[in-house]
Ligand SMILES: Cc1cc2nc3c(=O)[nH]c(=O)nc-3n(C[C@H](O)[C@H](O)[C@H](O)COP(=O)(O)OP(=O)(O)OC[C@H]3O[C@@H](n4cnc5c(N)ncnc54)[C@H](O)[C@@H]3O)c2cc1C
């Protein structure tokens, strides 16, 4: 498995702009290629990670042992028939929404502003406060760690708030979405509403909301109540605009700085509100 893609710097591939190098890094463009890579990974008994747009992960600073697999343009195709869209796991949410606007397809507007891929969005059941991508998923297709290709209907998947029971080594290669035809005017109006909501979001290098909202509560409000807004550690800062965002202010913060802030937030919120915040972002590597 040694080739020129060894030791890829992951900070270049995450929206946090944080992360050490991956021992192995593969961009794959077909199921055949995926099967080949997975067979080699099994032979070597190494761990693998699936990378989308890197907009929901915190990657350790040290070398990440194992392989990082990224779906390439071969998995970036999109097509529709009536209201049914079939899109590759590497299709980004912005690309999906441009496609919907072009073809008068409605139902996915609430995803506006989410910078990830469809694969990542399905895995984390991405969405807003009141809607998640699971409401428009008909089925997903992908490949297991053993190299078996599977298609799973949505009814067989258990989606939760920002999560699902999909195995974290199942590589989502295709997603089928159920949308409906509408007028361009209606679609653009809906998108505008979501765009306006986004204007309150902090800018800068981040991975979006760090913690899940506890039932009936806002993680951001709990962090603010704990008096943590604006606190820093190295180049990492708890956003003044939205306390559930940690920003890598100058692009120089390390995963260690972010993790220490996360630990501080959890401890303080537990003391001030009695609530233990659960992570929304995924961590890759060792964090203690
Ligand atoms: C500014 C900003 C705003 C955001 N706003 C929102 C929001 O409103 N709502 C929301 O839910 N999220 C939001 N996010 C978080 C993030 O964009 C979403 O979670 C997104 O769906 C992650 O997709 P990704 O491709 O970047 O996944 P990555 O970050 O690359 O990966 C996330 C997880 O998904 C897995 N994964 C990725 N691709 C695949 C695949 N093809 N098959 C299987 N597993 C895969 C990874 O292994 C990892 O466990 C925001 C992030 C940022 C930076």
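One residue stands out among those in the range 43-82 that are surrounded by fewer than 16 Cβ atoms within 10 Å (Cβ to Cβ) and in a loop (DSSP other than H, G, I, E, B): the one that is nearest to the chain's Cα centre (by Cα), which is 72. Residue 83 meets all of the listed conditions (1) more than 11 Å from the ligand (Cβ to nearest atom); (2) closer than 20 Å to residue 208 by Cα but one, namely (2). Anything in the range 128-143 that is in a helix (DSSP H, G or I) and within 7 Å of the ligand (Cβ to nearest atom)? List them, or say none. Within the range 128-143, none qualify. The set of residues in the range 97-127 being more than 6 Å from the ligand (Cβ to nearest atom) and part of a helix (DSSP H, G or I) consists of 97, 98, 99, 100, 101, 102, 109, 110, 111, 118, 122.
Among the residues of the range 154-163, are any in a strand (DSSP E or B), away from the ligand (no atom under 11 Å from the Cβ) and over 29 Å from residue 186 (Cβ atoms)? The answer is yes, given that some residue of the range 154-163 is in a strand (DSSP E or B), away from the ligand (no atom under 11 Å from the Cβ) and over 29 Å from residue 186 (Cβ atoms).
Remark: pairs (first residue in the range 171-182, in contact (Cβ under 8 Å) with a residue 24 or more places away in the chain and more than 16 Å from residue 89 (Cα to Cα); second residue part of a strand (DSSP E or B) and near the ligand (Cβ under 9 Å from one of its atoms); Cβ separation under 8 Å; 6+ apart in sequence or on different chains) are absent. Of the residues screened, residue 128 is not one that is closer than 26 Å to residue 7 by Cα, in contact (Cβ under 8 Å) with a residue 24 or more places away in the chain and surrounded by fewer than 18 Cβ atoms within 10 Å (Cβ to Cβ). Taking the range 187-212 as the range and being within 10 Å of the ligand (Cβ to nearest atom) and either over 19 Å from the mean Cα position of the chain (by Cα) or surrounded by fewer than 14 Cβ atoms within 10 Å (Cβ to Cβ) (or both) as the test, the residues that pass are 197, 198, 203.
Conditions (1) surrounded by fewer than 18 Cβ atoms within 10 Å (Cβ to Cβ); (2) within 21 Å of residue 51 (Cα to Cα), marked per residue:
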position: 138; (1), (2): yes, no
position: 142; (1), (2): no, yes
position: 158; (1), (2): yes, no
position: 162; (1), (2): no, yes
position: 165; (1), (2): yes, yes
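Contact annotation: residue pairs with Cβ atoms under 6 Å, 6 or more positions apart or on different chains, pairing a residue in the range 34-52 that is within 15 Å of residue 65 (Cα to Cα) and within 16 Å of the ligand (Cβ to nearest atom) with a partner that is assigned to a helix (DSSP H, G or I) and modelled with pLDDT of 95 or more, are 48/41. Summed over the range 259-285, residues that are surrounded by 17 or more Cβ atoms within 10 Å (Cβ to Cβ), within 14 Å of the ligand (Cβ to nearest atom) and at negative phi total 3. Residues in the range 83-106 that are touching a residue at least 40 places away in the same chain (Cβ under 8 Å) and over 20 Å from the mean Cα position of the chain (by Cα): 83, 84, 85, 100, 101, 104, 105, 106. Does residue 184 fit the bill of being farther than 27 Å from residue 11 by Cα, touching a helix residue (DSSP H, G or I) at 6+ places or on another chain (Cβ under 9 Å) and away from the ligand (no atom under 12 Å from the Cβ)? Yes; evaluated as a whole, the condition is true for this residue. Confirm whether residue 256 is under 28 Å from residue 111 (Cα atoms) and away from the ligand (no atom under 16 Å from the Cβ). No; evaluated as a whole, the condition is false for this residue. Taken over the range 1-42, the criterion of being modelled with pLDDT of 95 or more, farther than 21 Å from residue 148 by Cα and assigned to a loop (DSSP other than H, G, I, E, B) is satisfied by 14, 15, 16, 17, 18, 19, 20.
The values are calculated or read from the model by the stated rules, or taken from the named source; none is laboratory data. Note that the coordinates shown come from a computational prediction; the quantities given were computed from them, not determined experimentally. Neighbour counts are summed over all protein chains in view; Cβ atoms, including those assigned to glycine, are modelled from backbone coordinates with ideal geometry.
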